[in-house]
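Read the figures in this text as sums done on the coordinates, not as results from a lab. The structure presented is a predicted model; accordingly, all values stated were derived computationally and were not measured.
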Amino acid sequence: MSPEKPGAPPGYGITEWLRPLRQAAALEPGQELEITEHDGRIEIEPVSVPVRLVERDGFLAAEVDDADAQQLTTEGVRDLLERTRR
């Protein structure tokens, strides 16, 4: 038995109906995910990057190791803002 969406045309597999969810969550191929279960629901989240708080000029700032850091771009910030505004 194939995992097909109820009411979907034959051959419309799980990868096809999950695509809109992956796109809405901005999940990328090869990205590490954390999968947990809470109250009978499955939650899928990107693995978070370890962050430590450091004091700079009397203020706390979040800092990550350069090896774990993802390049922050203007386009990436705009995409994130647009996704959170919807």
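At full extension, ASP39 and VAL77 could sit 10.4 nm farther apart than now, given 0.36 nm per residue minus the alpha carbon distance. The phi torsions of segment 42-50, fed into the Karplus equation with coefficients 6.51, -1.76 and 1.60 and a -60° offset, translate into couplings of 8, 10, 10, 9, x, 5, 7, 8, x Hz, rounded to whole numbers, with Gly and Pro shown as x.
Annotation: amide H of LEU27 has no partner in the under-5 Å range at sequence separation 5 or more or interchain, hydrogens built in the peptide plane.
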